[in-house]
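Readers should treat all values here as calculations from the given coordinates under stated rules, not as data from a laboratory. Note that this is a predicted model, so its numbers are computed, not measured. Cβ coordinates were reconstructed from backbone atoms using ideal geometry, including for glycine residues, and neighbour counts include every protein chain displayed.
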Amino acid sequence: MRVGEDKILDGRGVAKKIEVEISKKVDELKEKNVVPGLTVILVGDNPASQVYVSYKEKACNRVGINSSLIRMAKDTSQAELLSEVKRLNNNDSVDGILVQLPLPDQIDEEEILKAIDPAKDVDGFHPVNVGDLVVKGTNLAPCTPKGIMELLSRYDVDLEGKEAVVVGRSNIVGKPMFHMLLDNNATVTVCHSRTKDLKYHTKRADILVAAVGRPNFISGDMVKEGAIVIDVGINRSDDGLVGDVEFEGAKKRAAAITPVPGGVGPMTIATLLMNTLEACEERRG
Ligand code: NDP
């Protein structure tokens with residue numbers, strides 16, 4: 001695909017195409033009496049989590065993946081949640097297990113993520129999958145950075161030898177993003193809250209990924225002329241959803257940029273579908 005004059009990397013449009021491709025593959029599996037299945041566990045009633053879970057359910061329905069949602073009370077104990085995860089590990093019709101984060105304070109998130117069968121870990125957060133990602137690349141990689149790589153690839157963005165700068169080092173975005181860009185031969189810098197002179201780094205970036213969680217944090221003057229800008233941030237403001245990048249200012253300088261909403265978010269969901277399909281194909285042959 002080509003970036004148009006509007007300079008937009010259209011995550012929503014690409015995600016739609018991916019859904020069509022996934023639907024076809026799901027239909028083929030159904031002819032063999034295999035129906036891919038994703039189960040999401042939602043603990044408590046965090047409003048943002050409820051919205052994300054409903055997006056995931058709707059996306060599954062659009063492509064024919066069986067989706068089910070297990071709601072658990074916000075005072076659910078560690079033992080109760082662990083036993084639910086184990087039950088799903090042993091259920092052959094469940095290909096993907098996703099425990100929606102964040103979890104309530106009484107739950108040890110790390111222990112829960114470790115309890116998920118790595119073969120069903122469609123979020124790619126299990127230490128086995130994280131290790132595979134670092135060592136050799138893995139199919140079940142975290143959805144947001146994997147979706148960003150897919151978006152870059154569909155727009156034929158050449159990463160080889162490019163300066164890539166990732167702002168943010170979380171386990172779900174920044175760190176896996178670093179490995180994926182590196183594996184694609186970019187020269188990667190990761191910035192975080194202790195980075196001195198952030199602008200010095202962002203101004204060098206041919207590929208700039210912002211995953212900070214602060215509205216309009218990356219201003220236009222921090223962007224290099226001709227850069228590809230990926231805005232991961234989802235921040236609620238009086239103007240609705242805004243990203244981590246000051247969109248209009250950055251767009252003036254950038255060669256291409258993802259909008260918020262309509263950029264990385266839809267690609268994250270499409271990648272979850274891809275991971276579920278891949279987990280199903282891998283596990284059930
Ligand atoms: P985290 O809060 O886990 O990580 C934020 C990162 O930003 C940290 O590494 C932090 O550094 C860094 N940071 C904070 N302040 C600064 C600063 N002043 N300068 C440089 N770096 C800084 O967030 P996530 O990675 O989970 O999410 C980031 C954003 O992306 C959020 O808005 C979230 O909602 C969104 N998101 C969107 C998704 C999508 O599908 N579009 C999916 C996942 C997340 P340090 O480590 O030093 O604290």
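Projecting the Cα atoms of Ser170, Asn185, Asn216 onto the charge dipole of region 143-265, computed from C-beta unit charges around the Cα centre, puts Ser170 farthest toward the positive end.
Quick check on my link table: of Lys58/Lys203; Lys32/Lys175; Lys146/Lys203, which ones sit more than 29 Å apart, alpha carbon to alpha carbon?
Result: Lys58/Lys203; Lys32/Lys175 exceed 29 Å.
Normalised Debye scattering of the chain at q = 0.12, 0.15 Å⁻¹ gives log10 I(q)/I(0) of -0.76, -1.16, counting only Cα atoms as equal scatterers and leaving out solvent.
Averaged over residues, the count of other Cβ atoms within 10 Å places the peptides 142-153, 108-119 in the sequence 142-153, 108-119, highest first.
For the pair Asp75 and Lys58, the difference between a 0.36 nm per residue extended length and the Cα-Cα distance amounts to 3.4 nm. Dimensions of region 148-266 along the principal axes, based on C-alpha atoms and rounded to the nearest Å, stand at 40, 33, 29, largest first. Remark: region 225-233, residue by residue, has Karplus-estimated 3J(HN,Hα) of 4, x, 6, 9, 10, 10, 9, 8, x Hz, where x stands for each Gly or Pro and the curve is 6.51 cos²θ - 1.76 cosθ + 1.60 at θ = phi - 60°. Proximity of backbone amide H atoms, modeled 1.01 Å from N, is registered between Val167 and Cys191, Val209, Ala210, Ala211 at under 5 Å, excluding neighbours fewer than 5 places apart on the same chain.
Each residue of region 16-26 was assigned a 3J(HN,Hα) from its phi angle through the Karplus curve 6.51 cos²θ - 1.76 cosθ + 1.60 (θ = phi - 60°); the sequence is 4, 4, 4, 4, 4, 5, 5, 3, 4, 5, 5 Hz, with glycine and proline shown as x. The alpha-carbon atoms of region 33-118 define a convex hull whose volume equals 82 cubic angstrom per residue.
Once divided by 2.2 N^0.38 Å, the Cα radius of gyration of region 244-285 becomes 1.76.
Ordering His201, His192 from the fewest to the most neighbouring beta carbons within 10 Å gives His192, His201. Under a 5 Å amide H cut-off, with hydrogens placed 1.01 Å from N, Leu9 pairs with Ile257, Thr258 among residues at least 5 apart or on other chains.
By DSSP, the beta bridges lying fully in the chain are antiparallel in about 10 percent of cases. The amide H of Ser67, built 1.01 Å from its N in the peptide plane, has Leu38 as neighbours under 5 Å, considering only residues 5 or more places off or on other chains. What FRET efficiency comes out for Glu282 versus Asp6 if R0 is 41 angstrom and r is the Cβ-Cβ distance? Round to the nearest 0.05. For R0 = 41 Å, the calculated efficiency reads 0.60. Our summary gives the chain a relative contact order of 21 percent, counting only alpha carbon pairs under 8 angstrom and 6 or more residues apart. In sequence order, region 250-259 has phi-based couplings of 5, 5, 4, 8, 6, 7, 7, 8, 8, x Hz under the Karplus curve 6.51 cos²θ - 1.76 cosθ + 1.60, θ = phi - 60°, and Gly or Pro positions carry x.
State the dimensionless ratio Rg/Rh of region 77-166 (Rg: radius of gyration of Cα atoms; Rh: Kirkwood radius).
Over the Cα atoms of region 77-166, Rg/Rh equals 1.07.
Placing unit charges on each Cβ (+1 for Lys and Arg, -1 for Asp and Glu) gives region 1-52 a dipole about its Cα centre, and among Ser23, Pro47, Ile8 the Cα reaching farthest toward its positive end belongs to Ser23. Could you tell me whether region 138-187 comes out rounded, prolate or oblate from its Cα gyration tensor? Rule is a ≥ b ≥ c as square roots of the eigenvalues, rounded for a/c under 1.5, then prolate if a/b exceeds b/c, otherwise oblate. In terms of gyration-tensor shape, oblate.
The aspartates and glutamates whose alpha-carbon is closer than 13 Å to the alpha-carbon of Lys136, local same-chain residues fewer than 8 away aside, are Asp183.
Hey, got the dipole for the chain? About the Cα centre, +1 on K and R Cβ, -1 on D and E Cβ, debye to the nearest 20?
Its charge dipole is roughly 380 debye.
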